[in-house]
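Undergrad: My questions will all concern the structure given below.
The values are calculated or read from the model by the stated rules, or taken from the named source; none is laboratory data. Just so it is clear, the model here is predicted, and its values are computed rather than measured. Reconstructed Cβ throughout: ideal geometry from the backbone, glycine too, with neighbour counts over all protein chains shown.
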Amino acid sequence: PEPALVLYSLAACARRLGVPFRSGGSLCASKIPDAQAAYESANTLQPTILAGVNFVLHAAGWLEGGLAMGYEKFILDLDQLGAMHSFVNGVDLSPNGQAVDAIIENGPGQHFLGTAHTLANFETAFYRSNVADNNSFEQWESEGAKDAITRANPIWKKMLADYESPAIDASRDEELRDWMEQKKASFPDSNV
């Protein structure tokens, strides 16, 4: 908990001074995306979000204290970032967010599954993970008993396969490649 306490203190100082605050998120010392990685990442990401950090580094994929990254961990962290994004949006207090029309339309003792409000909002009303399996044990087992890492694997592979490089001017691309080669050459022992 000490890193979170330091983070909260420094965030308060940054707010007091009126300056932006940078910190990490989803950090862990685990070597693989296991339970240790999950709870350590959650214990660093949530304070980062709650402290109001302006710029978050290393929010996805971090393993072994930053010495490694994992594609499955990246996907699992993106999932948690999606949940945190939903969390920081807070509670929708608008008439639509509070389903006022549905409450008036139905009255006591009724259900809301068939109301116009439910039909218009049910797909976007809650954050839905693309990694978590919320089915019954029997259904999970019949579908191959895949753990989160196994479910994350095809997601990153599809993202990588579907990736399209953004358009870049050919001369600018050449300049950047030359610059990278110069930088690599200036560190001959770096193996990059």
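Undergrad: Can you tell me which condition G90 does not meet? The list is (1) among the small types (G, A, S); (2) touching a residue at least 24 places away in the same chain (Cβ under 8 Å); (3) more than 20 Å from A152 (Cα to Cα), and all the others hold.
TA: (2)
Undergrad: Inside the stretch 89-192, counting only helices (runs of 4 or more DSSP H) that do not spill past its ends, which hold 3 or more residues that are under 29 Å from A38 (Cα atoms)? Quick ask: steps written out before the conclusion?
TA: Details: elements: 100-106, 116-121, 137-142, 148-162, 170-185.
Of the helices (runs of 4 or more DSSP H) lying wholly inside the stretch 89-192, those with at least 3 residues that are under 29 Å from A38 (Cα atoms) span 137-142, 148-162.
Undergrad: Would you mind stating whether L78 is without any contact (Cβ under 8 Å) to a residue 24 or more places away in the chain and crowded, with 19+ Cβ neighbours inside 10 Å?
TA: yes
Undergrad: Something else now. Would you mind finding the one in P3, P33, P47 that is surrounded by 13 or more Cβ atoms within 10 Å (Cβ to Cβ) and touching a residue at least 60 places away in the same chain (Cβ under 8 Å)?
TA: P33
Undergrad: Pull up the stretch 153-184, narrow it to residues that are among the hydroxyl-bearing types (S, T, Y) and within 32 Å of the chain's Cα centre (by Cα), then point me to the one that is farthest from D79 (Cα to Cα). If you could, list the steps in order and put the result at the bottom.
TA: Keep residues of the stretch 153-184 that are among the hydroxyl-bearing types (S, T, Y), which gives 163, 165, 171.
Right, trim to within 32 Å of the chain's Cα centre (by Cα) and you get 163, 165.
Working: Y163: 19, S165: 23 Å.
Here the residue is S165.
Undergrad: Can I ask one more? Looking at the structure I just gave you, is A12 in contact with a Cys (Cβ under 7 Å, 6 or more places away or on another chain) and modelled with pLDDT of 95 or more? Before the answer, list the steps.
TA: On the way: in contact with a Cys (Cβ under 7 Å, 6 or more places away or on another chain): no; modelled with pLDDT of 95 or more: yes.
Here the answer is no, as A12 does not meet what is asked.
Undergrad: If K73 passes every condition in (1) in contact with a helix residue (DSSP H, G or I) (Cβ under 7 Å, 6 or more places away or on another chain); (2) assigned to a loop (DSSP other than H, G, I, E, B) but one, which one does it miss?
TA: Going through the list (1) in contact with a helix residue (DSSP H, G or I) (Cβ under 7 Å, 6 or more places away or on another chain); (2) assigned to a loop (DSSP other than H, G, I, E, B), K73 breaks only (2).
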